[in-house]
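Please treat every number below as a calculation from the coordinates, not as lab data. Just so we're clear, the structure is a prediction, and the values are computed from it rather than from any experiment. Glycine also receives a Cβ, built like all others from the backbone with ideal geometry; neighbour counts cover every protein chain displayed.
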Amino acid sequence: MSTLQPQSGVGVNELVPPVLTVRDLCIALPGGADRPDAVSHISFDVAPGEVLCLLGESGSGKSVIASAVMGLLPKSLQVRHGSIHLQGESLLDASTTRINGLRGTTMSMVFQEPMTALNPVMSCGAQVDELLTRHTGLDRAARRQMILDIFARVALPDPPRIYASFPHQLSGGQRQRIVIAMALILKPALLICDEPTTALDVTTQAEILKLIRQLQTENATAVLFITHDFGVVTEIADKVVVLQLGSMIEAGEKTEVLGHAREPYTRMLLAAVPELKRSDRSPVKHAYPLLEAQHIRKTYDSGGWRRPRHQVHAAHDFSVSLRPGETIGIVGESGSGKSTVARCIARLIEPTAGDIFVDGRSVARATGRALSPMRRQVQVVFQDPYRSLNPRQTVGESIIEGPLNFGVSRAQAWKQAEEMMYLVRMKPEALRRYPNEFSGGQRQRISIARALACEPRILIADEAVSALDVSVQAQILELLEEIQQRLSIGILFITHDLRVASRICDRVIVMQGGRIVEQGNVNDVFFDPQEEYTRKLLAAAPGREFSFSGPGNTSR
């Protein structure tokens, strides 16, 4: 481990006082002095116009540090030692009223999960207007125009419609852009971004990173950026701090840390980053398709109650054929229809038109008990494993619920659950614990085990690895490939990460505006694209100029 001097900090600028100064910060975990600290002796500075990235696996203390700066630490976590200063003012000594006054104006935070950061019963425009009403003296018309302008700057389509929409009416990427707009609108001196681009497609991600850089140039904003995406780090970071289990492992200039990593832990993280490179997967032999979707269309009626009604074409004329042992990727921007077609195929929502065949049997219009065989054969792994697992059920009860519904005895279902835990490289003892007792990567393994317990032939993975650390992501991708080889299942893999798609997919489908733009072998589509839209996605992929090859890695 490298020797870091806590008192010197990271990002010190002798000429310009830092916006944020963290010194020797120690935050204690609940449970007494015998437990290690959540954060131990952390020091760094963030200067005006500078981006400092905190890197590390889940549990390394990144979000704990951000919460401490914002005054959002839960009561179970206490600052044991150290200091945090914002523009020279001590935040640890400030009153609750003072901290509330600083939030939104002097410091803002973009959270990872927009649905927990937004009020589900208020329109998006009203939520941003609430912030402006509290902190500005602008009249209603001026506030509305200011909101429409920031919505346009964060690349939200049709800002007036978004202004009147509720969070549940928007895609995940659009909701995240609302949260980013709220954080940016008052041009704070310090912007804290906690995994802000996790749910965003590559083109929107590039636009948001460009916007953050623009804000720095215009207002000398200091940015504390938390991410597990090394591509994002190469695009935006000036300096990097690598954390492991609450301790600083390595720190310095971006090019030095990423290009010439000294510590084994940093090199391990870099080695786990997937690269956008040609696939060497063996071609899938011709076989009878497990799944066929033909001309799927999904149309929503929008508007009503003082708003004009109109139709939204979420998916139009989508077709796919999936064979045993094959992985087909679906990529595209937020709102392109990726998740919509997946949910139609899984019959989680009703397709407006088209047909779906599972093992040659049409299921597009099946209802009730007629859907039961299809439910067993088609299982879904969602992006957020915490929300897809019942927090009041043990892991074991969640896993056996599906087999029990399909007539398997409890004893047999429990035996299958134990086998599934071995399959996803976890111990059967975990079956008696609850979801909150596991890390994000472990919960995603549990979600995969739950899906496989029903013995499906088709697995739909909807952004199943996008929220995971690179090391855990690599393990999950390896696990999916291993399971596919053993069980010959077909996988429909939805992702906005083109590097991941090139790593795991045999074929890829590119979508835009609910339609298929281009499709074919992954090597053909990614390395000889025929459509301008595909080339645009590839050009926007972060980290293209950097090689993440672990030990001795260097810039290209």
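Along the Cα-to-Cβ line of residue 359, 7 Å from the Cα, sits a label point; which residues in segment 264-289 have backbone N less than 15 Å from it?
288-289
So what is the relative contact order of the chain, in percent, for Cα pairs below 8 Å that sit 6 or more residues apart? Don't jump to the answer; show the numbers that get you there.
On the way: 1142 pairs, mean separation 91.3, N = 556.
Rounded, it is 16 percent for the chain.
Given R₀ = 60 Å, FRET efficiency for residue 397-residue 140 by Cβ-Cβ distance, to 0.05? Mind showing how you got there, number by number?
Numbers: r = 51 Å, r/R0 = 0.85.
Step by step, r from the Cβ atoms, then E = 0.75.
Starting from the Cα of residue 415, draw a straight line to each of the lysines and keep only those under 30 Å, dropping any in the same chain fewer than 8 residues away.
In chain and number order, the partners are 427.
Pop out the ³J(HN,Hα) list for segment 349-366 in order, Karplus 6.51 cos²θ - 1.76 cosθ + 1.60 with θ = phi - 60°, rounded to Hz; leave Gly and Pro as x.
With coefficients 6.51, -1.76 and 1.60, one gets 10, 8, x, 6, 7, x, 9, 10, 10, 10, 6, x, 9, 6, 10, 5, 10, 5 Hz.
Quickly work out the residue 81-to-residue 168 label distance, labels modelled 7 Å from Cα along the C-beta direction, and quote it in nm with one decimal.
Calculated label separation equals 4.9 nm.
Please list 3J(HN,Hα) in residue order for segment 87-103, calculated via the Karplus relation 6.51 cos²θ - 1.76 cosθ + 1.60 where θ = phi - 60°; whole Hz, with x for glycine and proline.
6, x, 9, 6, 7, 6, 9, 6, 6, 4, 4, 5, 4, 4, x, 7, 5
Mind putting a number on the dipole of segment 369-471 about its Cα centre? Charges go on the C-beta only, +1 for Lys and Arg and -1 for Asp and Glu, and I need it in Debye to the nearest 20. Can you show the working numbers first?
Numbers: 15 positive and 11 negative charges, 62 e Å.
Around 300 debye, computed over segment 369-471.
Could you order peptides 442-452, 260-270 by the average number of other Cβ atoms within 10 Å of their residues, highest first?
Details: 442-452: 24.5, 260-270: 18.7.
The most tightly packed comes first, giving 442-452, 260-270.
Using 0.36 nm per residue of separation minus the Cα-Cα distance, give me the extension gain between residue 271 and residue 116 in nm, one decimal. Don't skip to the answer; put the middle values down first.
On the way: separation 155, 0.36 × 155 = 55.80 nm, distance 3.26 nm.
Contour length minus the Cα-Cα distance gives 52.5 nm.
So which trypsin sites (Lys or Arg not before Pro) in segment 321-402 pass both tests, a DSSP loop state and at most 16 other Cβ atoms within 10 Å of the Cβ? Can you show the working numbers first?
Values: sites: 338, 343, 347, 361, 365, 369, 375, 376, 387, 392; in loops: 347, 365, 392.
Those that pass, being in a loop and sparsely packed, are 365, 392.
Size of the dipole of segment 224-271 about the Cα centre, Lys and Arg at +1 and Asp and Glu at -1 on the beta carbon, nothing else charged, in debye to 20? It would help to have the intermediate numbers written out before the result.
Values: 4 positive and 7 negative charges, 24 e Å.
I would put it at about 120 debye.
Going by a ≥ b ≥ c, the root eigenvalues of the Cα gyration tensor, does segment 459-538 fall in the rounded group (a/c under 1.5), the prolate group (a/b larger than b/c) or the oblate group?
On the way: a/c = 1.98, a/b = 1.65, b/c = 1.20.
Prolate, since a/c reaches 1.5 and a/b exceeds b/c.
Can you compute the charge dipole magnitude of the chain about its Cα centre, using +1 on each Lys and Arg Cβ and -1 on each Asp and Glu Cβ, nothing else charged? Give it in debye, rounded to the nearest 20. Walk me through the numbers on the way to the answer.
Numbers: 61 positive and 59 negative charges, 331 e Å.
Using Cβ point charges on Lys, Arg, Asp and Glu, the chain gives about 1580 debye.
Around residue 349, which amide H atoms from residues at least 5 apart in sequence, or from another chain, sit under 5 Å from its own amide H, with H modelled in the peptide plane?
Hits under the 5 Å cutoff: 344.
Counting only residues 5 or more places away or on other chains, whose amide H sits under 5 Å from the amide H of residue 433 once H atoms are built in the peptide plane?
Answer set, sorted by chain and number: 395, 396.
Show me the ranking of peptides 177-184, 161-168, 124-131, 273-280 by mean Cβ neighbours inside 10 Å, starting with the highest.
Details: 177-184: 25.8, 161-168: 17.8, 124-131: 20.0, 273-280: 15.5.
In decreasing order of mean packing, 177-184, 161-168, 124-131, 273-280 become 177-184, 124-131, 161-168, 273-280.
Going Cα to Cα from residue 338, which lysines come in below 27 Å? Please leave out same-chain ones fewer than 8 positions away.
Those lysines meeting the cut-off are 210, 277, 285, 298, 536.
Classify the chain as rounded, prolate or oblate, taking a ≥ b ≥ c as the square roots of the eigenvalues of its Cα gyration tensor: rounded when a/c is under 1.5, otherwise prolate if a/b is larger than b/c and oblate if not. The partial results should precede the final answer.
Working: a/c = 1.63, a/b = 1.36, b/c = 1.20.
Prolate.
In nanometres, what is the gap between the two model label sites at residue 90 and residue 436, each 7 Å from Cα along Cα-to-Cβ?
A separation of 3.3 nm, rounded to one decimal place.
Between residue 286 and residue 410, what is the spin-label point distance in nm, taking each point 7 Å from the Cα along the Cα→C-beta axis?
5.1 nm
Mind running the shape call on segment 373-433? Use the C-alpha gyration tensor, a ≥ b ≥ c as the square roots of the eigenvalues: rounded below 1.5 for a/c, prolate if a/b tops b/c, oblate otherwise. If you can, show how the numbers build up before the last one.
Details: a/c = 1.45, a/b = 1.05, b/c = 1.38.
It is rounded, given that a/c, with a ≥ b ≥ c, falls under 1.5.
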